Amino acid sequence: MSRQPISAAIILAAGAGTRMNSATPKVLHAIAGRSLLHHAMAAATELEPARLVVVVRHEREKVAAEVAAVSPEAVIADQDEVPGTGRAVYCGLTVLDATAVAGAVAAGGRGASALAAKAEGLVLVTSADVPLVTGELLAALADGHTEGRNAVTMLTARVPSPGGYGRIIRGADGEVLRIVEAKDASDAELAIDEINAGIYVFEAHALRTALSSVGRDNAQREMYLTDVVEIVRESGGRVGAFIAPDAVATEGVNDRVQLAAAAATLNRTILERWMRAGVTIVDPSTTWIDADVTLAPDSTILPGTQLLGATTVGTGASVGPDTTLRDVEVGEGATVIRTHGQLAVIHAGATVGPFSYLRPGTELGEDGKIGAFVETKNAVVGAHSKVPHLSYVGDAVIGEHSNIGAATIFVNFDGVGKSRTSVGDHVRIGSDNTLIAPVSIGDGAYTGAGAIIRKDVPPGAMARNSSPQQTVEGWVEARRPGTPSAQAAKIAREKQEEGDA
């Protein structure tokens, strides 16, 4: 039997998350480069719901901004003062229905035809604090709902220590009777190891009808969504439960300890997926890869590496050890060693590091080199060109097949504004140069060691500073008498005089 389409997905993101002890809303804390809310929205979106609604309350504007950034088409629903997950779903469904009716009216519908636009079919309800729940698991839940011809199907899990989770109460024949919240459960009920994961698939009509009957007669004085299950069953609807194959996937995040545990679990899943896809990860225990990173087969990730954001690594490339890249493109066959980089592009065959710092706007051409203790910012280094060591290249364009000598500084800031430096093709910049922007070095030009370049250098020219060296004999003994340097100089001079005698 093919799965019924999901007419709406409702994500609950209204809670304060006080156990996080944070100024940041719980659902905006991140693992694997995405907020908890983003993970929930991505999983729900894999089921291709006709509409997606996120219910918000605590830090409403911050959470709504994240919703808009992840999915501009998503609908925001505000939970009112009435507490509880049941009320949150009620608010979400109300906004969905109002939006649908308004859309139908705008399209020319009237009366009963407009009211018929309310959400029907399947409604998925999930939470913003279960980042390990995948689209695959939600699809299995929806499939189970369709196959069971249920009015409501809940996701459950069997765990050795259920703690504060709601317990699943089944009849003698195994049928789900109801869910009891831990604070309302008897000792016998607390001993049950099957818990409610807080994720459901409902028939929209059954959900809407049951929500109108949910009260607040419980220890928390809240509108429990779990009460819907018993109401649906008592009205003759079929209630089903889909037990998650892996209980870990259903674990929620309520504090920093659980956040770290979820991050570690998700990271292991990401690493295993890439290794099975043909990527060599030498030490998974010290490697962290975000959810939006892309790795090509036969790339190698060495120990102590973090690949973050939208970083991509090409075929045959090697990254690490001890490297952190965020939103960096690494081309085929490139090598990046002990480097920190952000918003940079490293083309095929290029080499970077060790101990390089690629700041935003860096682009290293094919077979180029940015070497040891080099910092670059808003700099384009052409194909086959090299900045081998101990240099700063900022706001610059370097052509192809050029070499920048050791300890060269591109002086791009005059205290008021920044200016650019242009270096042509086949240029040789001498060691310990200072290039004071704005300045241009023409194709094929050379500069001498220690040069300070303030003016443009024509193609093929040599630019150097030719002040003669001055040597003052006996200066140390005369000006620094009694120092170790003076004593060493005296001994060396006496030995030299003895040799000349």
Legend entry - Residues satisfying the stated conditions in the stretch 50-101, i.e. assigned to a helix (DSSP H, G or I), in contact (Cβ under 8 Å) with a residue 12 or more places away in the chain and not aliphatic (A, V, I, L, M): Arg60, Lys62, Glu66, Thr85, Gly86, Arg87, Tyr90, Cys91, Gly92, Thr94, Asp97, Thr99
Inset, instruction - Please go through the stretch 111-146 and pick out each residue that is farther than 19 Å from Val239 by Cβ and modelled with pLDDT of 80 or more. - result: Ser127, Ala128, Asp129, Val130, Pro131, Leu132, Val133, Thr134, Gly135, Glu136, Leu137, Ala139
Legend entry - Condition check for Val229: buried (at least 21 other Cβ atoms within 10 Å of the Cβ) and under 28 Å from Thr24 (Cβ atoms): no
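Just wondering, is there one or more residues in the stretch 333-341 that are among the small types (Gly, Ala, Ser) and in contact (Cβ under 8 Å) with a residue 40 or more places away in the chain?
no
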Inset, instruction - Pull up the stretch 462-486, narrow it to residues that are surrounded by 14 or more Cβ atoms within 10 Å (Cβ to Cβ) and among the aliphatic types (A, V, I, L, M), then point me to the one that is modelled with the highest pLDDT. - result: Ala463
Inset, instruction - Please specify each residue of the stretch 372-417 satisfying the condition of being of a type in the set (D, E, K, R) and under 31 Å from the mean Cα position of the chain (by Cα). - result: Glu375, Lys377, Asp395
Legend entry - Residues that are touching a residue at least 60 places away in the same chain (Cβ under 8 Å), of a type in the set (S, T, N, Q) and buried (at least 17 other Cβ atoms within 10 Å of the Cβ), drawn from the stretch 1-44: Ser7
Legend entry - Selection status of Gly240, at pLDDT below 95, over 19 Å from Ser127 (Cβ atoms) and in the same structural domain as Gly166 (by TED's automatic domain parsing): yes
Legend entry - Considering residues of the stretch 6-49 that are among the β-branched types (Val, Ile, Thr) and not in a helix (DSSP H, G or I) only, the residue modelled with the lowest pLDDT: Ile6
Legend entry - Subset tally (residues that are touching a Pro at 6+ places or on another chain (Cβ under 7 Å) and assigned to a strand (DSSP E or B)) for the stretch 293-307: 0
Inset, instruction - Hey, can you tell me all the residues within the stretch 383-401 that are in contact with a strand residue (DSSP E or B) (Cβ under 6 Å, 6 or more places away or on another chain), over 16 Å from Tyr357 (Cα atoms) and either of a type in the set (S, T, N, Q) or surrounded by fewer than 21 Cβ atoms within 10 Å (Cβ to Cβ) (or both)? - result: Ser385, Val397
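Consider Ala310 carefully, then state whether it is touching a strand residue (DSSP E or B) at 6+ places or on another chain (Cβ under 7 Å), in the same structural domain as Phe355 (by TED's automatic domain parsing) and either hydrophobic (A, V, I, L, M, F, W, C) or not in a loop (DSSP other than H, G, I, E, B) (or both).
For Ala310, the condition - touching a strand residue (DSSP E or B) at 6+ places or on another chain (Cβ under 7 Å), in the same structural domain as Phe355 (by TED's automatic domain parsing) and either hydrophobic (A, V, I, L, M, F, W, C) or not in a loop (DSSP other than H, G, I, E, B) (or both) - is not met.
Pick out the one residue from Ala406, Ala372 that is closer than 17 Å to Gly341 by Cα and either in contact with a strand residue (DSSP E or B) (Cβ under 8 Å, 6 or more places away or on another chain) or outside any loop (DSSP other than H, G, I, E, B) (or both).
Numbers: Ala406 fails: closer than 17 Å to Gly341 by Cα.
Of the residues listed, the single one that is closer than 17 Å to Gly341 by Cα and either in contact with a strand residue (DSSP E or B) (Cβ under 8 Å, 6 or more places away or on another chain) or outside any loop (DSSP other than H, G, I, E, B) (or both) is Ala372.
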Inset, instruction - Would you mind telling me which numbered condition in (1) at pLDDT 90 or above; (2) over 18 Å from Asn433 (Cα atoms) Val457 fails? - result: (2)
Legend entry - Pair list, Cβ under 9 Å, 6 or more apart: the stretch 460-486 residue assigned by TED's automatic domain parsing to the domain that holds Asp425, other residue in a helix (DSSP H, G or I) and exposed (fewer than 10 other Cβ atoms within 10 Å of the Cβ): none
Legend entry - Subset of the stretch 264-290 (residues that are under 17 Å from Thr324 (Cβ atoms) and buried (at least 18 other Cβ atoms within 10 Å of the Cβ)): Asn267, Ile270, Leu271, Ile281, Thr287, Trp288, Ile289, Asp290
Legend entry - Residue list for the stretch 269-286, filter: part of a strand (DSSP E or B) and more than 20 Å from the chain's Cα centre (by Cα): Thr280
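Results for (1) over 19 Å from Ala241 (Cβ atoms); (2) crowded, with 19+ Cβ neighbours inside 10 Å, shown as yes or no for each residue.
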{"residue": "Tyr165", "(1), (2)": "no, yes"}
{"residue": "Glu175", "(1), (2)": "no, no"}
{"residue": "Asp193", "(1), (2)": "no, no"}
{"residue": "Leu207", "(1), (2)": "no, yes"}
{"residue": "Leu211", "(1), (2)": "yes, yes"}
{"residue": "Gly215", "(1), (2)": "yes, no"}
Inset, instruction - Would you mention how many residues in the stretch 318-346 are of a type in the set (Asp, Glu) and under 20 Å from His389 (Cα atoms)? - result: 1
Legend entry - Matching residues, the stretch 351-376, being under 23 Å from Phe413 (Cβ atoms) and touching a Ser or Thr at 6+ places or on another chain (Cβ under 7 Å): Ser356, Leu358, Arg359, Thr362, Ile370, Val374, Thr376
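The values are calculated or read from the model by the stated rules, or taken from the named source; none is laboratory data. Being a predicted model, the structure only gives us computed values, none of them experimental. Note: ideal-geometry Cβ built from the backbone for every residue, glycine included; neighbour counts use all protein chains shown.
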